[in-house]
Amino acid sequence: MVKNIKNSIAIKKNFSKATKKDRIWELDFIRGICVLLMIWDHFMYNIADIFGDVWVSTNPDAFTGIYEFACNYEYGLLREIFHPIIFNLFFILCGISCNLSRNNLKRGVIALFLAFGITTVTSTFNMEIRFGVLHMLAFSILIYFIISKVCREDKRLISMVCLIAGMVIIAVSGVYTNSPPQNANENLGFIASYLGDYYSTDYFPMLPHLAYVLLGASVGGFVYGNKKSVLPVLDKYGWYKPINFFGNKALIFYIIHQPVIVGLMALISYLFITPGNFVFF
């Protein structure tokens, strides 16, 4: 009996190690870079749009340079170019993960639950996120789940359907962007911003962003069909692990990073920069 228990524990440990080892390192690495750039982007936003002007009015000599740097980044050409590239890359990675996941229904439902939790919390601060990144990804994952069931889990067929659907969405989105229809129904705004007047902080409509998730799912089917790294030669010495930590915990960092950053900046401001004033709260 004791021997059987020890064997069972050993099997579980080996399975856990195999599961960690089976993670495709380059996907976590790229995702980790995206997460770090997202954190940097929101840090610059906090200075440019929330704290910076108050800090400058309190101590111009100390904070004018920092505030101007943040504003130049936030409204500059560099961010305008790389911001959509980074987020679309993040969406493609989500699509690849859909192809690798064992339970996309569970992933989609959890993401949707967390997304509406974010809506509830942000609405109390008059910064309501009604359809942000996580909302879009949650619906995209669930759409992939439906596609996979319609295709009866045939990986090749799923990849082809996702590829065609993604290309069609990009083409249709391009036509609508360049030639928006007259008398567009503004209630369709949550689907595509150019179909109507719709506002939400951190707004990412389904069109055209769903296309990048579907294209990522197609890439996942064709490139990662065997669920193994395509760059095993670089998987040495663990040089990528610090960044992969952020990629592996991307959802957690997405949810907590901005409240933590804002909270710390508000506390530092209250204690040292604008005594007695949290600025944000």
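Per residue of the stretch 217-228, in order, report the coupling 6.51 cos²θ - 1.76 cosθ + 1.60 (Karplus, θ = phi - 60°) as ³J(HN,Hα) in whole Hz, putting x for Gly and Pro.
5, 5, 4, x, x, 7, 8, 10, x, 8, 6, 10
Once you keep just the Cα pairs under 8 angstrom separated by 6 or more residues, what percentage relative contact order results for the stretch 65-165? Please list the in-between numbers first.
On the way: 56 pairs, mean separation 23.5, N = 101.
Reported as a whole number, the value is 23 percent.
Using a 1.4 angstrom probe with every protein chain in place, what is the largest-first accessible-area order of F91, F125? Don't skip to the end; give the middle numbers.
Values: F91 0, F125 100 Å².
Output order, biggest surface exposure first: F125, F91.
If DNA, RNA and ligands are ignored and the probe is 1.4 Å, what is the ranking of S269, S57 by accessible area, most exposed first? Present the calculation step by step, with values, prior to reporting the outcome.
Details: S269 0, S57 90 Å².
Largest accessible area first, the residues go S57, S269.
For the stretch 84-94, just list the computed ³J(HN,Hα) in residue order, Karplus coefficients 6.51, -1.76 and 1.60, θ = phi - 60°, integers in Hz, with x standing in for Gly and Pro.
x, 5, 5, 5, 5, 5, 4, 5, 4, 5, 4
Considering only protein heavy atoms, with the full assembly of protein chains and a 1.4 angstrom probe, order D22, D41, D154 by accessible area, largest first. Show your work: numbers first, answer last.
Details: D22 100, D41 10, D154 75 Å².
So, going from the largest accessible area down, we get D22, D154, D41.
Pairs to check: K149/K241; K106/K227; K155/K241; K106/K236; K228/K249. Give those whose C-alpha atoms are more than 28 Å from each other in this structure.
Working: K149/K241 35 Å; K106/K227 20 Å; K155/K241 30 Å; K106/K236 33 Å; K228/K249 20 Å.
Listed pairs above 28 Å: K149/K241; K155/K241; K106/K236.
For W239, what accessible surface area do you get with a 1.4 Å probe? Give it in Å², rounded to 10.
For W239, the solvent-accessible surface is approximately 130 Å².
Place a point 7 Å from the Cα of L231 along the Cα-to-Cβ direction; which residues of the stretch 21-39 have their backbone N under 14 Å from it?
Within reach of a label on L231, which here means backbone N under 14 Å from a point 7 Å along Cα→Cβ, the stretch 21-39 contributes 24-34.
The values are calculated or read from the model by the stated rules, or taken from the named source; none is laboratory data. What you see is a predicted model; the values in this text were computed from it and never measured. Cβ: placed from backbone, ideal geometry, glycine included. Neighbour counts: every protein chain shown. Areas reflect the complete protein model, heavy atoms only, side chains present, ligands, DNA and RNA absent. Shrake-Rupley method; radii C 1.70, N 1.55, O 1.52, S 1.80 Å.
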